[in-house]
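Accompanying notes for the structure given below.
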Amino acid sequence: MTDRICIIGGTSVDTIVHLDQLPDGSPQTIWPRECYRAVGSTGSGKAYNMKALGMDVCLHTILGSDPEADIIQQQMADRKIRLLIDRSNEPTEQHVNLMGAAGERISIFTHPSVVPEHIDWQPVKEAMESSDLIVVNILEYAKPALALAMTTGKIIWTDLHDYDGLNDHHQPFIDAADIIFLSSDNFPGYREFMQQMITRGKQFVVCTHGGQGATLLNDKGEWIEQPVFKVDQVRDTNGAGDAFFSGFLFGYLKGYTLSDCMQLAAACGALCVTSKQLAGEDLNSEHLIKMANLPD
């Protein structure tokens, strides 16, 4: 049976600008190595990877009524990802991502995500109830979805991204989630936070460290460290964290051990950075399992 995933937020159209080095703030004219547009944001990244891994994905998002909305809808239709859309009078979310040669990024939110005056949550609730698990991303508009998700009794996953341990915006997502992912980019005290989350009853917490791998703590108090998978060429690091998340979730649903899930996650992240898209062109379940050197 196909695993069914309901994802809440978000999607964008991003302009990706690859530079030899990020600007230092001084006035200058910059000639990029490469520039292109691509669908982005955390909901898209998770949906692309999960669909490529064989899951039945439903994604709720906020779109404007503009060419960027058309791009997102077409990309999702091409991948057979079901979209639930609420419309905003504002433009569809758009970013400009300046990428350094080592994969570092400056994101400029030229058209930020918005909260429409009205969202029809009934189709979302129905999608949640028919799903195997629910992923709620940390957008402002998604906060009401947390209460809906909790009424279903389904496992709730969230990704706190570059949480710093202080930002109040993240707290409702932390409170509602059973399983938490985050990055250590802005959070040197991540290990203490992970221990606090386990004390509060979370199943496990995963913290990614970019090129330094990832750390997991489970409810038995066991720590698991996972190095990154080396690749021949890094083309674009956008979406790597969402790919990691998706590879882990795939392993979790297939009954792999948490250590094996970390292997699958690292492999999925590695495939992502070899592509200009949010998921590696060669990504599928068989390839990922083989790459992670695990039994199918």
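Structural remarks
- Cα gyration tensor of the stretch 1-53 - equivalent ellipsoid semi-axes, whole Å, descending: 34, 11, 8
- Think of it as helices only: each DSSP H run of n ≥ 4 in the chain is worth -39500 (n - 2.57), and spread over all residues that comes to -9500 deg cm²/dmol at 222 nm.
- Loop sites in the stretch 236-296: chymotrypsin sites (Phe, Trp or Tyr not before Pro), DSSP, at most 12 other Cβ within 10 Å: none
- About the Cα centre, charge dipole magnitude for the stretch 229-296 (Lys/Arg +1, Asp/Glu -1 at Cβ), debye: 100
- Of the beta bridges in the chain, as assigned by DSSP with both residues counted there, near 40 percent are antiparallel.
- Intensity falloff of the stretch 112-177 expressed as log10 I(q)/I(0), Debye formula with alpha-carbon point scatterers, at q = 0.12, 0.13 Å⁻¹: -0.31, -0.36
- Residue among 101, 71, 122 farthest towards the positive dipole end of the stretch 67-134, charges placed on Cβ: 101
- Estimated from the Cβ-Cβ distance and a Förster radius of 41 angstrom, the FRET efficiency linking residue 224 and residue 152 is about 0.90.
- Length-normalised contact order of the chain in % [C-alpha pairs under 8 Å, at least 6 apart]: 16
- Cα-based Rg and Dmax for the stretch 144-296, where Dmax is the largest Cα-Cα distance (Å): 15.2, 46
- The calculated FRET efficiency for residue 22 paired with residue 290, based on their beta-carbon distance and R0 = 35 Å, is about 0.45.
We did not get these values from a lab; they are worked out from the coordinates using the rules stated. No experiment lies behind these values; they were computed from the predicted model shown. Please note: Cβ atoms are built from the backbone with ideal geometry, for glycine as well, and neighbour counts cover all protein chains shown.
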